[in-house]
Structures are given as structure tokens and as C-alpha cells.
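Notes follow once the structure below has been shown.
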Amino acid sequence: AIEINNVPISYLVFLPLIWAALRFGQRVGVLATCATAALAIGGTARGLGPFAREALSESLLFLQSFMGIVVVTTMTLAAAVAERARSERRARESEEELRRAKDQLEAKVQERTQQLRMINETLRAEIIERKRAERELRKTYEDLEKSHEEVKTAQWRLIQAEKMETV
């Protein structure tokens with residue numbers, strides 16, 4: 001059986017790598033992973049560290065397995081952080097676009113409301129004018145009817161006067 005000494009200490013490398021991926025994103029995550037790999041390969045090649053074995057090929061195989069896990073973990077986390085940042089940026093852009101559209105819509109509503117008020121005032125003025133004209137027409141019609149009655153009365157009187165004159 002193969003016995004790995006100090007393996008739990010080797011997992012401490014995850015802390016700075018996770019921090020680098022979360023704080024700085026993919027580029028710094030890759031750079032930190034490469035630096036970690038270089039240091040681990042150098043130490044393992046000199047027989048130092050948790051993966052050092054008598055045979056260099058065995059040491060490098062353990063190191064390679066561990067670094068594979070480190071790289072996948074760091075890059076997955078960095079990709080998730082990058083995707084979240086892109087999503088947040090898109091959400092902010094969408095929010096800003098929505099805000100602009102809302103402002104434009106509000107401006108159009110205000111403009112249309114003002115137009116409707118003006119049209120409403122014009123219609124009110126027209127209604128008032130038509131009612132006034134209708135009252136004048138009624139008065140004129142009533143005056144005409146009165147005049148017509150007066151003319152009829154005058155004609156009747158004239159006819160009666162002519163009859164009396166004839167008699």
C-alpha cells in the first residue's frame with residue numbers, strides 16, 4: 001500500500017487559489033494555478049513536499065493527479081465567477097435599457113396626455129360655442145314665430161278692416 005504523508009497540508013493550496021479565482025477572476029486564477037504547479041513540480045523533483053516518493057515518476061504521477069483536481073476546481077470556480085459577472089453586467093444593461101424605455105414611455109404618455117387636454121379644451125370651447133349658437137337660433141326662431149304671428153294678426157286685422165270698409 002502506498003502511504004501519503006502530509007496530504008492534508010497539501011489541500012491548503014486550495015485556499016489562495018479559490019480566493020484568487022473569486023477575487024480576480026479567470027486570468028489571475030490561471031496564473032496562480034501555474035505558479036502553484038511550478039512550485040509543486042520544483043519541490044517534488046527535489047524530493048520535497050507531500051508527493052515526494054523514491055521514484056520521481058511515482059511522485060510526479062501523484063502530483064499530476066492532485067494538480068488536475070486543483071486546476072479543475074480553480075477553473076470551474078473562476079468560470080462560474082466570470083459567468084456571474086457577465087450575467088450581472090447584462091442585468092445592469094437590461095435594467096438601464098428598461099429604465100430608458102420607461103422614461104421614453106413616460107415622456108410619450110405625458111405628451112399624449114397634453115395633446116388630449118388641448119383637444120378636450122378645444123372640444124369644450126366648441127360645445128360652448130354650439131350651445132350659444134343654438135340658443136341664438138332658438139331666440140331667432142321664437143322671434144320669427146312672434147313676427148309671423150304678428151304678421152298674421154296684422155293681415156287678419158287688414159282683412160277685417162277691408163270688410164268693414166266694404167260694408
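The values are calculated or read from the model by the stated rules, or taken from the named source; none is laboratory data. Note that the structure is predicted; figures quoted are calculated from it, not measured. Note that we place each Cβ from the backbone using ideal geometry, even for glycine, and neighbour counts take in every protein chain shown. Please note that ligands, DNA and RNA were not included when accessible areas were found on the heavy atoms of the full protein model with its side chains. Shrake-Rupley method; radii C 1.70, N 1.55, O 1.52, S 1.80 Å.
Things to note:
- Distance between the 7 Å Cα→Cβ label points at Glu58 and Lys131: 10.9 nm.
- 21 Å Cα-Cα reach of Lys102 towards lysines, excluding residues that sit fewer than 8 places from it in its own chain: none
- Cα lying deepest toward the dipole's positive end in the chain, options Val70, Leu116, Leu56, charges on Cβ: Leu56
- Springs join every pair of Cα atoms under 10 Å in this Gaussian network model of the chain, and among Arg112, Arg92, Arg132 the largest mean-square fluctuation is at Arg132.
- The stretch 1-103, accessible area per residue, ligands and nucleic acids excluded (1.4 Å, Å²): 70 Å²
- Per-residue ellipticity at 222 nm computed for the chain from its helices equals -32000 deg cm²/dmol, with DSSP H segments shorter than 4 residues left out and the rest contributing -39,500 (n - 2.57).
- Isotropically averaged projected area of the chain, using the convex hull of Cα atoms (one quarter of hull area), nm²: 19.3 nm²
- The portion of the accessible surface of the stretch 78-167 made up by carbon and sulfur, rounded to a whole percent, is 56 (1.4 Å probe; DNA, RNA and ligands excluded).
- P(r) of the stretch 76-119 over all Cα-Cα pairs, binned every 5 Å from zero, in whole percent: 6, 20, 12, 13, 9, 11, 7, 7, 5, 4, 3, 2, 1
- Scanning the chain for DSSP H helices at least 24 Å long along the axis (C-alpha atoms) with a Kyte-Doolittle mean no lower than 0.0 picks out 26-45.
- Spin-label pair Met118-Thr140: with each label point 7 Å from Cα along the Cα-Cβ axis, the two points sit 3.2 nm from one another.
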